[in-house]
1. Please give the length that would be gained between ILE343 and LYS201 if that part of the chain were fully extended, namely 0.36 nm times their separation in residues minus their C-alpha to C-alpha distance (nm, one decimal).
2. So what are the three principal axis dimensions of the range 686-764 from its Cα atoms, in whole Å, longest to shortest?
3. Regarding the range 19-168, what whole-number volume in Å³ per residue does the convex hull of its Cα atoms give?
4. With N residues in the range 289-336, what two-decimal value do you get for its Cα radius of gyration over 2.2 N^0.38 Å?
5. Please list, by residue number, every one of the trypsin sites (Lys or Arg not before Pro) in the range 805-834 that is coil in DSSP and has at most 12 other beta-carbon atoms within 10 Å.
6. Along each of its three principal axes, how wide is the spread of alpha-carbon positions in the range 90-236, in whole angstrom units, largest first?
7. Once amide H atoms are built 1.01 Å from N in the peptide plane, which residues 5 or more positions from GLY187, or in another chain, come under 5 Å H to H?
8. Using only alpha carbons, build the gyration tensor for the range 430-549 and give me the equivalent ellipsoid semi-axes, biggest first, whole Å.
Amino acid sequence: MYYIIHHISKIINGQLQLGDTTFAEIKNLITDSRKIVSPENSLFFALKGARNDGHQYIKELISQGVKNFVVSNPLSLGVGVEANFILVADTLQALQSLSVHHRKKFSYPVIGITGSNGKTIVKEWLYTLLREQYNIVRSPKSYNSQIGVPLSVWMMKEENDLGIFEAGISLKGEMENLEKIIQPTIGIFTNIGTAHDENFKDHHEKIIEKLKLFVNCKALIFCKDHADVFKHISHLLHEQKRSTLPGRGAGGEVIKQFSWSREHKADLEIGQIQKLTTETIIEAFYKEQLIAIRIPFIDDASIENAIQCWALMLYLNFSNDSIADKMLLLSPVAMRLEMKEGINNCSIINDSYNSDIGSLTIALDFLNQQKQHQKRTVVLSDILQSGKDENILYKEVADLIKKKNVNRLIGIGSAISRQANLFDGEKLFYNSTEDFFANYKADLFEEETILLKGARTFGFERISKLLQQKAHETVLEINLNALIHNLNFYRSIIRPETKMMCMVKAFAYGSGSFEIANTLQFHRVNYLAVAYADEGVELRKGGITLPIMVMSPEEQSFDTMIDYNLEPELYSFRVLKIFNEAAQRKLSNAEQKKISIHLKLDTGMHRLGFEENDLDQLILDLKQETHLHVQSVFSHLAGSDEQVHDNFTKEQIEKFRHMSSHIQSAFDHHIMRHILNSAGIVRFPDAQFEMVRLGIGLHGIGSTDAENKMLQHVATLKTTISQIKNIAAGETIGYSRKGIAKNDIRIATVAIGYADGLNRKLSNDIGKMIVNGKPASIIGNVCMDMCMLDVTQIDCKEGDDVIVFGKEYPIENIAQQTGTIAYEVLTGISQRVKRVYYHE
């Protein structure tokens, strides 16, 4: 199904300006200039946000072949003579209006899901449970926002006969928009939690807002045990009965409620829940009969999500025998794309739990963000139950693989193997995962980024284990979504014109320089900063093209810095002289090339930098240097995170303002200024100048309680229990016999020690870790490679995960216990600890 550009213009009440004489057929809607699949059939909506404006990417998109745009800025019209523009008042509203129009073309059932937790899992599990009976269109991953929902609904096609979409809100008034777009006929309310509470008057207002998704549903699935939810659903049903206005989706009918409960009388009354080693048996009474299902999970969240799915299928009149068989097929939903180090210097992106066109597109976008290797390989299984003819399906896959610049495809499965001729370029095919293993050779992968994308039944986790670089069981998980959230928080509190420099020195505060830098480059920060030249060189070799400032340039690295277009911080006349000599050696006057430099001023930190009485001579020297271009002047604040030093900080800022202005006035070109660090951005917003420097705040560590509430934890240090022992009263534990069992106790030895960065000061009941949600004290001395925990009161077993720090146990706790700062704890994590990066 496609739309003609003239038709779209009328639908969204826009003013059409044709610059392209071709017959414009629109199949794809795009809002992100970095994610283009078929430019000739794409319509770009130039959305305006608090920190970004899609209009600034129009010229770039035209150069990539995009010819159709929806804009709200009249100045965008006529940017390219071979492009069509639709001028509207609000581009987001236009996107939503177009999707509302598209939704009305289809009369098949649509399931709408909302709540605080479990939306995506319930959606994905319903797809697994129903895909044999229905040709389903569903939201990709967690596309549940004001932008994600219209893009999801746009995927509806005539060949589908069921839609499943999730809706999430963070502000009052948003759900009305999503209800008009999704127009659900069946609703599922999962539960209610604390997410986004700060944006609503109270808990009740948030429930009322979420329930607006269901005002025109024919049926609503919900749990009566959430008392506040049940209260407001009852009120909704009561108001609907009183209303004489017909509902759009229900044709005037009252919403049919299908409830389930562990505690109250309901349509589905949950009885015994029996947790086994790896499975749970759930019994219930339904229509006065005892029924049961078995699911391959034992955690409470999975049990609740499974019951939601159970209730929905019973409402759809599936037999319980059929439901029970299907429940055994449920698998963990890959809520995140994980990137890990692989064998032969490869990087592995693991998305091996499902395979469909929507999630494949998202995974390929993530693959394309990675610049550490030139070669990209996709290992792809058969796509199951797509509802499409096999030839059409794999032609679509082949086109997508080609457009996403994949160098090599390894197809696994009989269906994709039958369609091998559709794929161009380097390719290998195997009929099964076992066939792949039988023919696998150690040199199959080398110096490349590998995306594993497979349906659950193909068991790609075995391939993932084969390709991962072996490491011990302690890992530092880096949540790239949280990193982006924190970046956007700081962007939201600086002026739109203020540039952002992000610090990736010291291995990006222990999180991994390249991976963090790559994410920041994708999200268009303006500058990066490293400590030493070799850090910058590695980023350049990895494909980082952003300007990079080197904060501790060494004389022996000056030639290398010039070769790799790295920009030094210069802080003394001696360093300035030596660097200028290097520039003169490397560059001839004929080239007329200038090297950007950054001048460090000492405003009171008294560490490095030119002083105020140096400025006149500094300006004189710089005017005589033909190869140097002053890009910025900057300084460091000594105590911006502590209120006690605020007067001194203000003195520093004023001194910097005076000194930097003196330098700016001496040159004809624009020179940027920056003095604010993470704490300064929040606490001294009037001193933003032309740029700010974001460091530790990017990793979710703020200087105030209010700031920390707005940030998300980025890094989680995890280990595992190696062994559990019972220790008798009076026995000692660990080196120097420092741990003494005062009573009979149970201890767990975990795979982390001071060689991994765990400070020995945490020994002997000072430090704690989280085991299955409960704190466990370190008993005895921390060893080089391991330590022991008192788990006497904790239900745990060997192999269980242990949180050293993360959301459940903030890194600030460890800093306080060891008498240091979070910077030191984070940067002290050993390089032998494997980093795992994930994107939800």
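1. Values: separation 142, 0.36 × 142 = 51.12 nm, distance 5.18 nm.
Full extension of this stretch gives 45.9 nm more.
2. Rounded to whole Å, the extents work out to 64, 24, 21 Å.
3. Working: hull volume 18.7 nm³, N = 150.
Cα convex hull per residue, to the nearest whole number: 125 Å³.
4. Compared with the compact-globule rule of thumb, the range 289-336 sits at 1.16.
5. Values: sites: LYS807, ARG832, LYS834; in loops: LYS807, ARG832.
Hits after loop and neighbour filter: ARG832.
6. Computed over the Cα atoms, the extents are 42, 39, 25 Å.
7. GLY112, ALA219, LEU220, ILE221
8. Listed largest to smallest, the semi-axes of the range 430-549 are 36, 17, 14 Å.
All of the numbers you see were taken from the coordinates with simple rules; none came from a lab. These figures come from a predicted structure and were not determined experimentally. Counting neighbours? That spans all protein chains shown, and the Cβs are built from the backbone with ideal geometry, glycine included.
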